[in-house]
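One structure below.
The values are calculated or read from the model by the stated rules, or taken from the named source; none is laboratory data. Model, not experiment: these values are computed from the prediction. Note that we place each Cβ from the backbone using ideal geometry, even for glycine, and neighbour counts take in every protein chain shown. Remember, those area values only see protein heavy atoms, side chains included, never the ligands or the DNA or RNA. Shrake-Rupley method; radii C 1.70, N 1.55, O 1.52, S 1.80 Å.
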Amino acid sequence: MEREHELETQAYKLGDLIDLIALERLSLAVPVDNKPCMSLVDFTSQYMLSYITAKNIGPANYRVKTVIKSPCLMAVVSGDHFKVARISSMKGLEEGVYVDRIPFFAFHIKNHNVVNEDYLLRELVSDDMSQQLKRNIKETEQPHKISDLIDENDLLSLRIDLPSLEMQDMVVKNDMLDLLQELMSQKQADFENYQKDIHLKKHAVGQTIFNLNNWWNTLQKARQENNGVLKDDTTTGKIRPVAVGEIYNRIGETLNIISNQINTFTIGDGMEKEKIALAPFIGEYINSHQSPMFTYKFDETGKYATDDFKMKGESVLHKGDPLVYLDFPKQALNQILDNIVSNACSHGFSGIEDKNNIIRIEYNSIGSTCTLTIANNGKPLQKGMSEEKVFMYGGSTAVGTDGHNGLGAFQIRNLMSRFGGTATIDCNDASEYPFAYVLTFQNCISYT
């Protein structure tokens, strides 16, 4: 990257380099009926992998207000930076590409003798452009179009420094070589991680079976010592006496751990995506999962329609209906929330069960992307733990405590990944809620 600072460049405004395309807006937010549709997930920070084709864009059931009917370049504001996409051909997309309600703009290059396509997209996703965007972006909770976040004049005034076309080509070729090397390295890393994952699972099952065998041998010893007559209060062992009732409990717990460990080999099998009305789902989950150790906090304000939502004169959403719907297996979401709540009790609230413990649930949506945050006000993340360790197979610090098997967070991330989402954590020791799981879902339907 150092060599790029030595390039002779000329400053341009974005408006000098592109012509914005007047987007074809639909009169109403309409369902796309399984036609090709772009959402935030189809835009990328890796400009060389930004091509949209009939093969890599899936059908969806979003409610959209924009359609693209000719090849173009595109950029969306995501956070405080741009992500890009490009449609180079309409082959297989002759009826057009629908675009979800996200803050994007489409454009053509004015003069290919000044800038090439790859280099322009490269600059749009650069850190320098992100810094400029931060200075011009507007605070908006639900941005559905680019003007919600940045005025057109400010957008077209963003600065781009261009070297000669020859140098642009050279920089892009170097990026391509770097990308190929990165992809090769990632493929090798994925294979090694797969091997490591299988090894960890086999090792964990082996360790649990070894532990089960120890408890079984202890039970057999008690049986021999008492001529085959066993009562719960019968004890065995001189150094560490243990009651038979405790042995039975430990065997039961260990069998349960083995069952959970085996299930992780095929986690998510048989689960099918379905339409989940998010607000009532959370409300029902809270009502059926009460605990004396903590209370839930979930604000339903703004989560339901205040009026009918009509399309072509027909109501598609009635007053009081939920506004956000996930495309996700309900069984998987239940399991994820169960694991998060269990982990909060095992880690966040452990030792402070008599405090005012709270699990707070919040969500927000931008276009077809919904972010669900489940935080607790218990103890912060233990020192020395990282996000990687939290989601590692068997990585819990509470393994072996009260039947805890260290697979909760591992299952959370795997279930989210399997069905197109992501799971991360958000830690802030100074916050009222120092630990949170952040779940991001794609292909959602939002009427906000």
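A single entry from LYS138, LYS187 fulfils the requirement of being assigned to a helix (DSSP H, G or I), out of contact with any Cys (no Cβ under 9 Å at 6 or more places or on another chain) and more than 30 Å from ASN34 (Cα to Cα): LYS187.
Could you check, for segment 181-195, whether at least one of its residues is open to solvent by less than 70 Å² (accessible area, probe 1.4 Å), at pLDDT below 90 and under 30 Å from MET392 (Cα atoms)?
Yes, that holds for at least one residue.
Close Cβ contacts (under 9 Å, 6 or more residues apart or on different chains) running from residues in segment 218-235 that are among the small types (Gly, Ala, Ser) to residues that are part of a loop (DSSP other than H, G, I, E, B) comprise ALA222/LEU230; ALA222/THR234; ALA222/GLY237. Among the residues of segment 150-172, just one is closer than 14 Å to LEU120 by Cα, under 33 Å from the mean Cα position of the chain (by Cα) and loosely packed, with under 14 Cβ neighbours inside 10 Å, namely ARG159. A single entry from ARG122, ARG101 fulfils the requirement of being buried (at least 18 other Cβ atoms within 10 Å of the Cβ), more than 20 Å from LEU156 (Cβ to Cβ) and in contact (Cβ under 8 Å) with a residue 40 or more places away in the chain: ARG101.
Checking each residue in segment 55-94 for being more than 25 Å from LEU158 (Cβ to Cβ), open to solvent by less than 60 Å² (accessible area, probe 1.4 Å) and in a strand (DSSP E or B) picks out ARG63, VAL64, VAL67. Answer yes or no: is there a residue in segment 266-277 that is at pLDDT below 90 and in a helix (DSSP H, G or I). Looking through segment 266-277, at least one residue is at pLDDT below 90 and in a helix (DSSP H, G or I).
Applying the criterion of being out of contact with any Cys (no Cβ under 8 Å at 6 or more places or on another chain) and assigned to a strand (DSSP E or B) to the residues of segment 95-120, the residue that is nearest to ASP169 (Cα to Cα) is ILE109. Looking across segment 363-411, just one residue is at pLDDT 90 or above, open to solvent by 40 Å² or more (accessible area, probe 1.4 Å) and within 17 Å of THR422 (Cβ to Cβ), and that is ASN364.
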